[in-house]
Amino acid sequence: MQGSGKGTQGKYLAENFGYKIFDTGSALRGIADEGSDLGEKVKGIMNRGELVPTEVVMEVIEDFIHKSGDETPIVFDGLPRNTEQKEQFEQLMNKVNKRPIAILIDISRDLAETRLLIRKICTQCKKIFPGDYGSDTCDEENCNGNLETRSDDNPEAIEKRLDVFFEHTQPIIDQYKNEDNLLVIDGKPSIPEVSELLKNKLSFT
Ligand code: AMP
């Protein structure tokens, strides 16, 4: 769910266990900033908190997979988000011989709203900072960028994104559960504590 820390935990897996990350939201923000007709369309959809059409999402993923072109495990952050994406994603994974497992970092809607309203994004490197981060500048090495509120972290878009989550993403979470292919991690504790829970569930030592 949005605000669960999925991006931060994906980064943790990449930095500690050699995963590559495909961050769907960041990839789509990249398209939105291109200035093309498609970019303008994607920007509008994202700022309203709606889902970008599946064909656009799948095209970006296919491109990423073909470019990554090796056996490195991949964290797909923010995907799939509805039944159509789940089906197409599974077809693609079959084609490239990968066996994905679904991970839900679970928080309540109330906590998601609170976190999304106060978090910040670095204008340079796009790192996300929780609301209790005590500075206006990015802490990434050689970045020092200014922090600002993400354009879709406004109250209307947040409500819409969470409505979309419960209407379209929750049903596929239930499907993964029925297929016995879902790891659920409690997303309430601190970032390092959630990382530890994730590590234990994935049985890393
Ligand atoms: P996120 O950074 O994961 O919160 O995603 C931000 C926004 O990107 C979402 O509100 C959607 O507009 C778009 N987005 C991210 N992932 C997807 C996806 N799998 N399918 C469609 N739109 C997506």
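Helices (runs of 4 or more DSSP H) wholly in the range 1-65 with at least 1 residues that are among the hydroxyl-bearing types (Ser, Thr, Tyr) - which ones? Spell out how you get there, then give the answer.
Details: elements: 6-17, 24-32, 37-47.
The helices (runs of 4 or more DSSP H) meeting that bar are 6-17, 24-32.
Starting from residues that are hydrophobic (A, V, I, L, M, F, W, C) and in contact with an Asp or Glu (Cβ under 8 Å, 6 or more places away or on another chain), keep the ones in the range 130-163 and report whichever is farthest from the ligand (Cβ to nearest atom). Explain how you work it out, then say what you get.
Residues of the range 130-163 that are hydrophobic (A, V, I, L, M, F, W, C), as a first pass: 138, 143, 147, 157-158, 162.
Restricting the remaining residues to those that are in contact with an Asp or Glu (Cβ under 8 Å, 6 or more places away or on another chain) gives 147, 158, 162.
Working: LEU147: 16, ILE158: 10, LEU162: 10 Å.
Per the stated criteria, the residue is LEU147.
Specify the residue that is modelled with the highest pLDDT; the eligible residues are those in the range 116-132 that are open to solvent by less than 60 Å² (accessible area, probe 1.4 Å) and of a type in the set (Lys, Arg).
So, considering only residues that are open to solvent by less than 60 Å² (accessible area, probe 1.4 Å) and of a type in the set (Lys, Arg), the one modelled with the highest pLDDT is ARG119.
Run down SER135, SER195 and say which single residue is over 19 Å from the mean Cα position of the chain (by Cα) and open to solvent by less than 50 Å² (accessible area, probe 1.4 Å). Quick ask: steps written out before the conclusion?
Values: SER195 fails: over 19 Å from the mean Cα position of the chain (by Cα).
Step by step, each of SER135, SER195 is checked, and only SER135 is over 19 Å from the mean Cα position of the chain (by Cα) and open to solvent by less than 50 Å² (accessible area, probe 1.4 Å).
List every residue pair whose Cβ atoms lie under 8 Å apart, where the two residues are 6 or more positions apart in sequence or sit on different chains, the first residue falls within the range 41-54 and is at pLDDT 95 or above and open to solvent by less than 60 Å² (accessible area, probe 1.4 Å), and the second residue, located anywhere, is outside any helix (DSSP H, G or I) and among the basic types (Lys, Arg).
LEU51/ARG81
Every residue in the range 5-26 that is within 15 Å of the ligand (Cβ to nearest atom) and open to solvent by 30 Å² or more (accessible area, probe 1.4 Å), please.
We begin by selecting, within the range 5-26, every residue within 15 Å of the ligand (Cβ to nearest atom); these are 5-11, 21-26.
If the condition is that a residue be within 15 Å of the ligand (Cβ to nearest atom) and open to solvent by 30 Å² or more (accessible area, probe 1.4 Å), then LYS6, GLY7, THR8, LYS11, ILE21, ASP23, SER26 are the ones that fit.
Suppose the filter is within 16 Å of the ligand (Cβ to nearest atom), of a type in the set (A, V, I, L, M) and without any contact (Cβ under 8 Å) to a residue 60 or more places away in the chain; does LEU117 pass it?
Details: within 16 Å of the ligand (Cβ to nearest atom): yes; of a type in the set (A, V, I, L, M): yes; without any contact (Cβ under 8 Å) to a residue 60 or more places away in the chain: yes.
Judged against the criteria, LEU117 is a match.
Restricting to the range 74-108, what's the tally of residues that are open to solvent by 60 Å² or more (accessible area, probe 1.4 Å), in contact with a helix residue (DSSP H, G or I) (Cβ under 6 Å, 6 or more places away or on another chain) and not polar (S, T, N, Q)?
Looking only at that region, the number is 1.
Of these, GLU90, GLU148, GLU113, GLU84, which one is within 16 Å of PHE22 (Cα to Cα), of a type in the set (Asp, Glu) and at pLDDT 95 or above?
GLU90
Evaluate the following for GLU167: is it within 22 Å of PRO130 (Cα to Cα), among the acidic types (Asp, Glu) and loosely packed, with under 14 Cβ neighbours inside 10 Å?
Working: within 22 Å of PRO130 (Cα to Cα): no; among the acidic types (Asp, Glu): yes; loosely packed, with under 14 Cβ neighbours inside 10 Å: yes.
It is false that GLU167 is within 22 Å of PRO130 (Cα to Cα), among the acidic types (Asp, Glu) and loosely packed, with under 14 Cβ neighbours inside 10 Å.
The values are calculated or read from the model by the stated rules, or taken from the named source; none is laboratory data. Small disclaimer: the values here were computed from a predicted structure and weren't measured. Glycine gets a Cβ as well: all are built from the backbone with ideal geometry, and neighbour counts include every protein chain shown. Surface areas here come from the heavy atoms of the whole protein model, side chains and all, with no ligands, DNA or RNA. Shrake-Rupley method; radii C 1.70, N 1.55, O 1.52, S 1.80 Å.
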